[in-house]
Amino acid sequence: MADDGKRIVTETAARILADLADPQTINKSTNGAWKDPLWHALSDAGLPLAWIPERLGGSGASLAEGFAILGVAGRFALAVPLAETLCAGWLLARAGIEAPATPMTLAPARPYDRISVDADGRLSGRVIGVPFAQDSQHIAMLADRGREHLIALVETRDCRLSESRNLAGDAANVVTFERVKPLRIAPAPNGFDLTSLLLMASTVRSVETAGALEAILSLSVAYANERVAFERPIGKFQAVQQNLARLAGEVAAALAVAGSAADTIAQADAFDEAVFLEAASAKIRTAEAAAEGSAIAHQVFGAIGFTQEHVLHRFTLRMLSWRDDFGSESYWAAELGKRVACRGADEFWPLVASR
Amino acid sequence: MTAHLYFDPIRLPPECDTLRAEVRAFLADEIAASTFDPHQPGDGDAHNRGFSRRVGAKGWIGMTWPKRYGGHERSQLERYVVTEEFRVANAPSHLHFVADRQSGPILLKYAPEHIKNDILPRICRGELCFSIGMSEPGSGSDLFAAKTKAGKTAGGWRINGSKIWTTSAQIADYMLALFRTSPPTRENRRHGLTQFLVDMKAPGIKVNPIYQMTGKPGFNEVVFDDAFVPDDHVMGEIDGAWKQATSELAHERSGPERFLDTFYVLLELIRALGPEPDLRGAEGLGRLVAQLHTLRRMSVSVAGMLQAGKEPVVEGSIVKDLGTVWEQKLPGRVRDLAAFLEPEIMNRATLEDQLAFATTIAPKLTIQGGTTEILRGIIARGLGLR
């Protein structure tokens, strides 16, 4: 049953993206004309609102199904706010807020940013690196009133955005809230805090990164089998084979740890120690794989892979940018290290073995 | 085009929790009885006949084998739990481990019934130690260049030549070895080797110790001087050992022993850093934890796929490649992260001893059981590059 659902959404996503988000076609486009038809097709299939229950206006897919969609999105280095809308919808649903059927994003996107709620319910704060904020009509957010956490929905046009882009050229705006009146605001569930939100969104990035790594492995192997130098396909050289085997190792690590974290969140009742270990590890290890894997793929392609006309950068630069979203690998490593140290040596192996 | 890599997010089933608790209780009793010291990593390589028999009596050797041969018909995942708990505790399982991991499964597949009935129950009882006769002075990774000869004689074979780097040969009861029964052919250089079961007590076998750079014996040279091996000790097809080699690899390469061999330095680092490490210590530790967790999830996933009857050869090779490189680098990472700790931390001496040990054994980790280069060749083949 569950596997069937995953298979159906995966096939749907793959079909739409193959038709309307082909990386080569998008890479050649100069005017972004591909965006609207793609978003409409994704919306018609109910994918952006997958993580919103039907009673709140969504398509009510399971967490596992949503993560499967995002793995496919990663394989296409998708540059529309599908992951962000999914995540925003999921966040709103935590507080029972109905989601608009528009492209959305979420905030904060960095661990040290905060948005505060005034006594009269207005939002203030400045958050950086909000992915696709300028391409979204709404922003879902976690905000604080004293020690209380609230989930709110605002219209993007009510906020001040500064133009800013990530390495891959996708919008990643600084968003300033100056006493913004939310469309809806409601308390977050008990125990839900910014760490919970960041763990969830980080896992989304981990799954996308694993997908992008799968794609660059396929591209690199195909190229190595086809590109001839010294009268042989370069894939016949042991030095190149060893590099590609290392790339496969990074892809495997990313797939395994991201898949494991997604599975953990999909089964979990709360953002507990297990989720923390799994999701933080996934963000750390997939970010490391993104750096290592990108370098190897570029090495295989040589100069052609360093050109704008080649698709490789769509994957590599996006993965490298995703490392910074929702807590970098350095941030999560420090947090994970602190927790492990605090538990002490005797409690370390039992934690690892419990997964 | 490209082989897809699969790592299903397999979880250990609930029966594994009960088993794990039993294993931990057993190991705690053994430690209390001074059978071994979990803080002495070298003990993991030690042979301890009494300990192995007690492990056998618990039913933790040959766990997945049929009951009629003394096995216990439990799952790969249950075996996984026993293996990882033993590794983490530095338990002296060396005597039975090779037989349990690879020799027994080969016998199960290729030995005649009377040999299975004779040997497998004794392995399961923890009575037998196996060694592997692969490398020779002129052939290591290039397995199929082996020259040690098995010549046909009445009722069996006469073995002449030598094997080298053979772990445990000094105490092994049996060896599973590759010998040349025919020359290679022009079409197939892998042709002509046959797998044999050798009784190490047979006349004409001499074992010479070779000391490792750790200062301990461990390697051996095994010299065969007209040693006799009976016909029923041929394992599988004569001249066709090359066909038998690949399917066992996923088992052999993806277990917890492929990334936990220097685990103790990480534990000791956590003790040394204390409950409130500085940012450098915390971040360094966190990365190591994430990398270890990733390796273990990959390894459990391969165990689960094996249990499901799949043959994840490429995935298994990737686990060994990443795992052994990681466990090899771990002592260096721990050394870096411990560099600025206060000199008077409680476990300074233990940490230094363990680092010294781990640093000296580290080079072998990416050589034994298939070098990094060979593994990456296998992975490249799986990717469709060769």
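For A:A239, the conditions (1) within 12 Å of chain B (Cβ to nearest Cβ); (2) in contact (Cβ under 8 Å) with a residue 40 or more places away in the chain are fulfilled apart from (2). Restricting A:A210, A:A245 to residues that are of a type outside the set (D, E, K, R), without any contact (Cβ under 8 Å) to a residue 12 or more places away in the chain and either touching a Pro at 6+ places or on another chain (Cβ under 6 Å) or within 25 Å of A:S281 (Cβ to Cβ) (or both) narrows the list to A:A245. Number of residues in the range A:159-175 that are touching a Gly at 6+ places or on another chain (Cβ under 9 Å) and surrounded by 16 or more Cβ atoms within 10 Å (Cβ to Cβ): the value is 5.
Residues of the range A:140-163 that are in contact with a helix residue (DSSP H, G or I) (Cβ under 9 Å, 6 or more places away or on another chain) and either more than 20 Å from A:S196 (Cβ to Cβ) or at pLDDT below 95 (or both): A:T156, A:C159, A:L161, A:E163. Restricting the range B:1-21 to residues that are surrounded by fewer than 16 Cβ atoms within 10 Å (Cβ to Cβ) and of a type outside the set (S, T, N, Q) leaves a set whose member that is nearest to A:S220 (Cα to Cα) is B:M1.
Check B:F224, B:F259, B:F196 and return the single one that is of a type in the set (A, V, I, L, M, F, W, C), surrounded by 17 or more Cβ atoms within 10 Å (Cβ to Cβ) and within 25 Å of B:D321 (Cα to Cα). Unique residue meeting the criteria: B:F259.
Checking every residue in the range A:76-91 against the condition of being under 21 Å from A:D263 (Cβ atoms) and small (G, A, S) gives at least one match. The selection criterion, being acidic (D, E) and either within 14 Å of chain A (Cβ to nearest Cβ) or without any contact (Cβ under 8 Å) to a residue 40 or more places away in the chain (or both), holds for B:D17. Does B:A169 satisfy being in a strand (DSSP E or B) and in contact (Cβ under 8 Å) with a residue 40 or more places away in the chain? It is false that B:A169 is in a strand (DSSP E or B) and in contact (Cβ under 8 Å) with a residue 40 or more places away in the chain. Residues that are aliphatic (A, V, I, L, M) and facing chain A (nearest Cβ under 8 Å) were ranked within the range B:267-282; the one that is farthest from B:H39 (Cα to Cα) is B:L279. Residue pairs whose Cβ atoms lie under 7 Å apart, sitting 6 or more positions apart in sequence or on different chains, and linking a residue in the range A:298-323 that is within 14 Å of A:K28 (Cβ to Cβ) to a partner that is β-branched (V, I, T) and surrounded by fewer than 21 Cβ atoms within 10 Å (Cβ to Cβ), are A:H310/A:I304. Only one of the numbered conditions (1) assigned to a helix (DSSP H, G or I); (2) closer than 18 Å to A:V352 by Cα is violated by B:E30, and that is (2). Those residues that are buried (at least 17 other Cβ atoms within 10 Å of the Cβ) and either in contact with a Lys or Arg (Cβ under 9 Å, 6 or more places away or on another chain) or small (G, A, S) (or both), I need them from the range A:15-42; list them, please. Within the range A:15-42, A:L17, A:A21, A:P23, A:I26, A:A41 meet the criteria.
When we screen B:G59, B:G50, B:G42 for residues that are away from chain A (no Cβ under 14 Å), at positive phi and touching a residue at least 12 places away in the same chain (Cβ under 8 Å), the only hit is B:G59.
Inspect all residues belonging to the range A:275-289 and state whether any of them is out of contact with any helix residue (DSSP H, G or I) (no Cβ under 7 Å at 6 or more places or on another chain) and either in a helix (DSSP H, G or I) or within 11 Å of another protein chain (Cβ to nearest Cβ) (or both).
Here is the first cut: in the range A:275-289, the ones out of contact with any helix residue (DSSP H, G or I) (no Cβ under 7 Å at 6 or more places or on another chain) are none.
No, the range A:275-289 contains no residue that is out of contact with any helix residue (DSSP H, G or I) (no Cβ under 7 Å at 6 or more places or on another chain) and either in a helix (DSSP H, G or I) or within 11 Å of another protein chain (Cβ to nearest Cβ) (or both).
Being more than 8 Å from chain A (Cβ to nearest Cβ), farther than 24 Å from B:T350 by Cα and in contact with a helix residue (DSSP H, G or I) (Cβ under 9 Å, 6 or more places away or on another chain) holds for only one residue in B:E257, B:E252, B:E221, and it is B:E252. Looking across A:R147, A:R165, A:R114, A:R126, one residue alone is without any contact (Cβ under 8 Å) to a residue 24 or more places away in the chain, out of contact with any Lys or Arg (no Cβ under 6 Å at 6 or more places or on another chain) and over 26 Å from A:S294 (Cβ atoms). It is A:R147.
The rows are residues; the columns are (1) more than 22 Å from the chain's Cα centre (by Cα); (2) at pLDDT 95 or above; (3) not in a loop (DSSP other than H, G, I, E, B).
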position: B:A3; (1), (2), (3): yes, no, no
position: B:L19; (1), (2), (3): no, yes, yes
position: B:D43; (1), (2), (3): no, no, yes
position: B:F51; (1), (2), (3): no, yes, yes
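Considering A:G211, A:G249, A:G259, A:G235, the condition of being touching an Asp or Glu at 6+ places or on another chain (Cβ under 6 Å) and of a type outside the set (D, E) is satisfied by A:G249 alone.
Taking the range A:47-64, which residues are farther than 15 Å from A:R7 by Cα and touching a residue at least 12 places away in the same chain (Cβ under 8 Å)? So that I can check it myself, show each step before the final result.
In the first step, residues of the range A:47-64 are kept if they are farther than 15 Å from A:R7 by Cα; the result is A:48-49, A:51-60.
Matches in the range A:47-64: A:P48, A:L49, A:W51, A:I52, A:P53, A:L56, A:G57, A:G58, A:S59.
Within the range A:311-347, the residues that satisfy the criterion of being outside any helix (DSSP H, G or I) and more than 7 Å from chain B (Cβ to nearest Cβ) are A:V311, A:R323, A:D324, A:D325, A:F326, A:G327, A:S328.
The lone criterion from (1) surrounded by 15 or more Cβ atoms within 10 Å (Cβ to Cβ); (2) without any contact (Cβ under 8 Å) to a residue 40 or more places away in the chain left unmet by B:M134 is number (2). Restricted to the range B:67-128, the set of helices (runs of 4 or more DSSP H) holding at least 3 residues that are buried (at least 22 other Cβ atoms within 10 Å of the Cβ) comprises B:76-88, B:94-98, B:113-124.
Results for (1) under 21 Å from A:M200 (Cα atoms); (2) modelled with pLDDT of 95 or more; (3) out of contact with any Cys (no Cβ under 9 Å at 6 or more places or on another chain), shown as yes or no for each residue.
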position: A:M1; (1), (2), (3): no, no, yes
position: A:K6; (1), (2), (3): yes, no, yes
position: A:I16; (1), (2), (3): no, yes, yes
position: A:A33; (1), (2), (3): no, no, yes
position: A:H40; (1), (2), (3): no, yes, yes
position: A:P48; (1), (2), (3): yes, yes, yes
position: A:W51; (1), (2), (3): yes, yes, no
position: A:A68; (1), (2), (3): yes, yes, yes
position: A:L91; (1), (2), (3): yes, yes, yes
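Scoring B:A349 on the criteria (1) farther than 18 Å from B:G316 by Cβ; (2) out of contact with any Leu (no Cβ under 9 Å at 6 or more places or on another chain); (3) crowded, with 20+ Cβ neighbours inside 10 Å leaves a single failure, condition (3).
Could you please find all residues in the range A:26-50 being of a type in the set (F, W, Y) and not in a loop (DSSP other than H, G, I, E, B)?
If the condition is that a residue be of a type in the set (F, W, Y) and not in a loop (DSSP other than H, G, I, E, B), then A:W39 is the only one that fits.
List the residue pairs whose Cβ atoms are under 6 Å apart, where the first residue sits in the range A:251-265 and is without any contact (Cβ under 8 Å) to a residue 24 or more places away in the chain and facing chain B (nearest Cβ under 7 Å), the second is part of a helix (DSSP H, G or I) and among the basic types (K, R), and the two are 6 or more positions apart or on different chains. Listed by first residue and then by second, the contacts come to A:A256/B:R297.
The values are calculated or read from the model by the stated rules, or taken from the named source; none is laboratory data. For clarity, every value in this text was computed on a predicted model and none was experimentally measured. In this analysis, Cβ positions are derived from the backbone assuming ideal geometry, glycine residues included, and neighbour counts consider all displayed protein chains.
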